[in-house]
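The values are calculated or read from the model by the stated rules, or taken from the named source; none is laboratory data. Only a predicted model underlies this, so the values are computations on that prediction, with no experimental measurement involved. All Cβ positions, glycine included, derive from the backbone under ideal geometry; neighbour counts span all protein chains shown.
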Amino acid sequence: MELKVALDTMWVLVTAMLVFFMNLGFAMVEAGFARMKNCVNILSKNFIVFAVSSLGFLALGWGLMFGDGNAFVGLKGLFFAGGLDNSPATGLAYQGVYSAISWTGVPLWAKFFFQLVFCGTAATIVSGVVAERIKYKSFIFFTFIMTMFIYPVIGHWIWGGGWLAQKGMFDFAGSTVVHSVGGWAALSGVLILGPRFGKYHNGNINPIPGHNLSLATLGTFVLWFGWFGFNPGSTMAADPLAISHIAVTTNTAAAAAVMSSTIISWMLLGKPDLGMTLNGCLAGLVAITAPCAFVSVGSSILIGLIAGILVVLAVIGFDRIRIDDPVGALSVHLVNGIFGTLCIGIFAQDKITGVATGNGLLFGGGTKLLLAQFTGVVSTAAYTFIVSLLTWAVLKATLGIRVSLQEEIEGLDIGEHGNSAYPEFLGRKPAYSFLGTKNG
Amino acid sequence: MELKVALDTMWVLVTAMLVFFMNLGFAMVEAGFARMKNCVNILSKNFIVFAVSSLGFLALGWGLMFGDGNAFVGLKGLFFAGGLDNSPATGLAYQGVYSAISWTGVPLWAKFFFQLVFCGTAATIVSGVVAERIKYKSFIFFTFIMTMFIYPVIGHWIWGGGWLAQKGMFDFAGSTVVHSVGGWAALSGVLILGPRFGKYHNGNINPIPGHNLSLATLGTFVLWFGWFGFNPGSTMAADPLAISHIAVTTNTAAAAAVMSSTIISWMLLGKPDLGMTLNGCLAGLVAITAPCAFVSVGSSILIGLIAGILVVLAVIGFDRIRIDDPVGALSVHLVNGIFGTLCIGIFAQDKITGVATGNGLLFGGGTKLLLAQFTGVVSTAAYTFIVSLLTWAVLKATLGIRVSLQEEIEGLDIGEHGNSAYPEFLGRKPAYSFLGTKNG
Amino acid sequence: MELKVALDTMWVLVTAMLVFFMNLGFAMVEAGFARMKNCVNILSKNFIVFAVSSLGFLALGWGLMFGDGNAFVGLKGLFFAGGLDNSPATGLAYQGVYSAISWTGVPLWAKFFFQLVFCGTAATIVSGVVAERIKYKSFIFFTFIMTMFIYPVIGHWIWGGGWLAQKGMFDFAGSTVVHSVGGWAALSGVLILGPRFGKYHNGNINPIPGHNLSLATLGTFVLWFGWFGFNPGSTMAADPLAISHIAVTTNTAAAAAVMSSTIISWMLLGKPDLGMTLNGCLAGLVAITAPCAFVSVGSSILIGLIAGILVVLAVIGFDRIRIDDPVGALSVHLVNGIFGTLCIGIFAQDKITGVATGNGLLFGGGTKLLLAQFTGVVSTAAYTFIVSLLTWAVLKATLGIRVSLQEEIEGLDIGEHGNSAYPEFLGRKPAYSFLGTKNG
């Protein structure tokens, strides 16, 4: 018994470390897809976001998410994970205020660390979408709110024994809890912020290429690697059959999405676009996150193929409706977070790893499961979007959320940080040709 | 018993993740050693190669490699790893069609995932050698053939209970199965492709320096790190004495090779060349891959020292015979893959981790083992080289395998992908001074 | 029992791999914080340093550190870890010459590998401080001395059962053994080397910005990630409560230090400096290294907050006294290595993970523990500083330790390696404006 606790703890910690490492992946993807003049700002945001999350989730987030309470929010052991708890005891032997997560037999701090890195992921998703025009200070404040009041509430609903869990909605590793929550928070921010200067000018959509595809590729590899912590680790126990199955569904969906996003972009754009391939990979990973434990390897191929197509269409679509997402994070995390959550209702099979989700639409389960999933998607959207929108609005009215036009044109690195990422490399002056003679 | 399965599964999955991460290492080494104008193309190839491998090895490769069959190829459970299998049962308790790998007590998908990442490594080795002139589409097709028909057959011979295994040939973690197979496939490609434009002009050997040694160094560190999954993980069980021993022989050989390649390049070239140091490290790692479990730590020093010298001489030698390998992968993976395989015949000692390989030449075993190893090297060369050559030839006659001269001069990034890796950084125009006045 | 050995061995090896990976972190941080013209040199130093450490620590370091001997040095089993040893036997069952580390039940080579990566960390700390002017050859020689004669002796005093261990001094994961030892060795080198050309000219302190903050950020993330091996791994056993606790104190201290260093630099410098944020993170990690297992999560916040402030003040302070440390490593590793060691004497609580350190000053233990810690700090300083200074002096008198002024101005990449890290990127000519008309 004692050995099993040690084994499970090792699994939980090692996979949590991999998820932590995804912070590097996000930083490099977002920096690579953005312009040189905003690079220090992006690196700074992506670095500090996990520090803020660590403090915010410790101070309050954990308690709201996993503390015993009502169907909507935790009420006990709220602050600094300081409630009574006799982990690693489980089941009937468990005594404490964090009952919703007492099914896993590891120490409290292992549970906390694992859940923290998921919270941090949701928070870091926001940073890419609002990049290249948000004020550093306001992003830091938003992250505190996000990790203390937004993420933990949805988390309570789904993973903390709240009303969506009771309704039979499933989200194995967080397509909704992590990815769509990040996506909705980001979308609300973008609607208040508006597009970057020059992106949509005189009715044109001006592509703004990223400054470093080597970094973007590096980041995507790191994320793919980290996802082997994200999904298989979400067993929170070293269950051999489950973790092996999940490793393979996760990888296969990613592979299929890489192929379909590459092929579809090749067909639509004439050439195989590396950015689309990379975002395709991430889309497949996001989509398989919710269903990874409940679907067959065969289904994971299909899920990946669809995800890769969805992300390409979404990137093009968001641009059409003038929603400016510099790194494609809405298409990856929001669109495919929703899609992946619904996939449980479509592809789930009870027999896969023995979790009784009920069968999905394609496997004779009717629409019951799909409806529960849909309820989860809609309610998450409503809460996250509204609270985030309010938060951004308050920040706009107080600190301000957007840098000045001049600072945006000159780059946030100088304006916000007094710094340059590559002071010795010579760069091209960004051309604002659509502005006519106003620029040199 | 159940705990042992969980423990071994965790070991197999965690080390497989590390091997997966080597894809990043290869991508960064190859991108760093190539020119800026081909960077997107190299990143694209190194990224998609693992997606293709994932699908190809799942669809057929696994079955051909590990399915029960004859001495040359698997015949049962060929498609999508779908054969009967009651893993994690082992030995007499095993019932299924993948008997050759029933010695390890982990679930089927854990076995699959671990073997997949090795297949992916063999495939990614090819990409560096053919870099800077191959068509993207043809590389993708070749990778499918490689992971479905080439790698799995050699794998069956040596790890799938085939005729080389029966002959007493050993290859612990894949100096032959992975590295020389990748090397021979690449060599055949290079012979059909020919050298890059400008590399050998008017009888001169023109050095073409890579564009980013920071990335190349990063990649080599990632590969060194990943190799701690590659070699110790190949126990496919958390056997404490074996995995500790292998971690140290692996690291020591790498360290010795770093020193010898640095010193020999210092002596031959006048200065310690970083590229040689990095490739020296990889050479030591490749060489110790086959014998890591069968040789002493003392022998691993010697193996590393020789590998580091071999790689420097091979890089110089391949250039002399006009075989243009932009990243030195033939010298690393082919030459040292062969050397490492033979090292078992020279340095193996039965007593090391209890595997009865027989002793090598230097430890009183005579030439018996060395001959078996030699047979493995030669037969692998024959099959891999011939089938690869045929594949490349067919691709050349159909899709074409080489980009146009103009595209090669302008860079494959624009031609193949319509993209640039660093659109904002100003770069030098590549000088083709040997062309006289034809270039600006 | 056998399973426990396997489990603990897996933990020790996996965490050791993470610590190995920190070599990449140091390489990227140091390369990023230095100038483009010295990049190949820095990458070369940071790459070869672990190879040298691997050979030096194997040849002699391990034996001096853990061999049975007197209070000052090991005397048995000195060479190539070749002494008698029946690991994984522990306690009374242990028979061998490495008694001081017989408390952990893993094979000898697992112990060796884990200790080796710590030795390598101490050695690599030196490289950043002496960067941009040291001769490559002399750095290699110093590293041999460091890993054979300097690090192992302090290691013996504290972790090898030597006189400081007997005095009741504690250093859980190496704030002193690794970080201050690296710091003192570096400081002695810097005092003999002097500042970089142009750094302090005509009484001014000229900032010399690093060439690539993307790499520096990447490196810091890798180090943060690796620290989850460094600290939790130092249990050298998969003790669930201890490793979970340590993961959280480690992360929380880092997070707090990120916040405090960012805020204090914002206040002092007017803008939030990314370099300060990154070094703040490392400072928090160094400071929590010694006390991570002995202090509460609450205390870890405080320790981190102070560390983040200390590092900013130290960076400014070292510049004021004309000690030129290009990457801030003295402020990170030396200053916070000392601070972290003293933190045990201030914040330790016996109850945390059951190790009887005695309570620190703030928890009713009086000054006893703090005095023992102080003794450790001072004696480590004396031995390391003096022996290092002598070593540097001998190297200066023989090989020379500083490149010529011309080579320094042109960059060490050409001078030492005949190479350039980014041969295709156009760079700014470094301006030496303070030299008047002597430069173009």
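Looking across B:Leu369, B:Leu362, B:Leu390, one residue alone is assigned to a helix (DSSP H, G or I) and buried (at least 18 other Cβ atoms within 10 Å of the Cβ). It is B:Leu369.
State whether one or more residues within segment B:90-107 are part of a helix (DSSP H, G or I), in contact with a Lys or Arg (Cβ under 6 Å, 6 or more places away or on another chain) and under 22 Å from A:Ala242 (Cα atoms). Looking for residues that are part of a helix (DSSP H, G or I), in contact with a Lys or Arg (Cβ under 6 Å, 6 or more places away or on another chain) and under 22 Å from A:Ala242 (Cα atoms), one finds at least one in segment B:90-107, hence yes. In the set (1) free of Cβ contacts under 8 Å to residues at least 40 places away in the same chain; (2) out of contact with any strand residue (DSSP E or B) (no Cβ under 6 Å at 6 or more places or on another chain), the condition left unmet by A:Leu84 is number (2).
Assessment of segment A:23-44 against the conditions (over 22 Å from A:Pro152 (Cα atoms), in a helix (DSSP H, G or I) and touching a Cys at 6+ places or on another chain (Cβ under 8 Å)) yields at least one matching residue. Can you tell me which residue in segment C:255-276 is surrounded by the fewest Cβ atoms within 10 Å (Cβ to Cβ), limited to those that are within 19 Å of the chain's Cα centre (by Cα) and more than 7 Å from every other protein chain (Cβ to nearest Cβ)? Checking each candidate, the answer is C:Gly275. Residue pairs whose Cβ atoms lie under 6 Å apart, sitting 6 or more positions apart in sequence or on different chains, and linking a residue in segment A:211-230 that is under 18 Å from A:Val19 (Cβ atoms) and more than 7 Å from every other protein chain (Cβ to nearest Cβ) to a partner that is assigned to a helix (DSSP H, G or I) and aromatic (Phe, Trp, Tyr), are A:Gly226/A:Phe21.
Those residues that are within 7 Å of chain A (Cβ to nearest Cβ) and in contact with a His (Cβ under 9 Å, 6 or more places away or on another chain), I need them from segment B:22-37; list them, please. Steps first, answer last, please.
In the first step, residues of segment B:22-37 are kept if they are within 7 Å of chain A (Cβ to nearest Cβ); the result is B:23-24, B:27-28, B:31.
Within segment B:22-37, just B:Ala31 meets the criteria.
For B:Leu58, are the conditions met, namely being in contact (Cβ under 8 Å) with a residue 60 or more places away in the chain, under 16 Å from B:Gly120 (Cα atoms) and over 17 Å from the mean Cα position of the chain (by Cα)? Working first, answer last.
On the way: in contact (Cβ under 8 Å) with a residue 60 or more places away in the chain: no; under 16 Å from B:Gly120 (Cα atoms): yes; over 17 Å from the mean Cα position of the chain (by Cα): yes.
So B:Leu58 does not fit the description; no.
Going by what's in this entry, would A:Leu13 be described as free of Cβ contacts under 8 Å to residues at least 60 places away in the same chain, facing chain C (nearest Cβ under 9 Å) and part of a helix (DSSP H, G or I)? Criteria not met by A:Leu13. Scanning segment C:157-172 for residues that are among the aliphatic types (A, V, I, L, M) and within 16 Å of C:Lys368 (Cβ to Cβ) yields C:Leu164, C:Ala165, C:Met169. Candidates A:Phe20, A:Phe66: the one that is touching a residue at least 24 places away in the same chain (Cβ under 8 Å) and out of contact with any Gly (no Cβ under 6 Å at 6 or more places or on another chain) is A:Phe20.
Considering only segment B:404-418, I want to know if a residue exists there that is buried (at least 20 other Cβ atoms within 10 Å of the Cβ), among the acidic types (Asp, Glu), part of a helix (DSSP H, G or I) and within 14 Å of another protein chain (Cβ to nearest Cβ).
Yes.
Going through (1) among the hydrophobic types (A, V, I, L, M, F, W, C); (2) in contact (Cβ under 8 Å) with a residue 24 or more places away in the chain; (3) facing another protein chain (nearest Cβ under 9 Å) one by one, A:Ala51 falls short only on (2).
Of the helices (runs of 4 or more DSSP H) lying entirely inside segment B:274-350, those containing at least 3 residues that are within 15 Å of B:Gln373 (Cα to Cα) span B:274-289, B:336-347. Note on segment B:125-166: residues that are buried (at least 24 other Cβ atoms within 10 Å of the Cβ), of a type in the set (Val, Ile, Thr) and under 21 Å from A:Val258 (Cα atoms) amount to 5.
Does C:Gly63 count as touching a strand residue (DSSP E or B) at 6+ places or on another chain (Cβ under 9 Å), buried (at least 24 other Cβ atoms within 10 Å of the Cβ), of a type in the set (Gly, Ala, Ser) and assigned to a helix (DSSP H, G or I)? Don't jump to the end; show me each part of the working.
On the way: touching a strand residue (DSSP E or B) at 6+ places or on another chain (Cβ under 9 Å): yes; buried (at least 24 other Cβ atoms within 10 Å of the Cβ): yes; of a type in the set (Gly, Ala, Ser): yes; assigned to a helix (DSSP H, G or I): yes.
Yes.
Cβ-Cβ distances below 8 Å connect the following pairs, each with a first residue in segment B:104-123 that is within 11 Å of chain A (Cβ to nearest Cβ), a second residue that is of a type in the set (Asp, Glu) and outside any helix (DSSP H, G or I), and a separation of six or more residues or different chains: B:Leu108/B:Asp85.
Out of A:Tyr422, A:Tyr383, report the one residue that is at pLDDT 90 or above and within 14 Å of chain C (Cβ to nearest Cβ).
It is A:Tyr422.
Out of B:Thr357, B:Thr384, I need the residue that is outside any helix (DSSP H, G or I), of a type outside the set (A, V, I, L, M, F, W, C) and in contact with a helix residue (DSSP H, G or I) (Cβ under 9 Å, 6 or more places away or on another chain). Which one? Criteria check complete, one pass: B:Thr357.
Among the listed residues A:Val40, A:Val73, A:Val19, identify the single one that is hydrophobic (A, V, I, L, M, F, W, C), more than 7 Å from chain C (Cβ to nearest Cβ) and crowded, with 24+ Cβ neighbours inside 10 Å. Break it down stepwise before answering.
Details: A:Val40 fails: more than 7 Å from chain C (Cβ to nearest Cβ); A:Val73 fails: crowded, with 24+ Cβ neighbours inside 10 Å.
Only one candidate qualifies: A:Val19.
Among the listed residues B:Ala173, B:Ala131, identify the single one that is aliphatic (A, V, I, L, M), farther than 18 Å from B:Ala287 by Cα and in a loop (DSSP other than H, G, I, E, B).
Values: B:Ala173 fails: farther than 18 Å from B:Ala287 by Cα.
One residue alone meets the criteria, B:Ala131.
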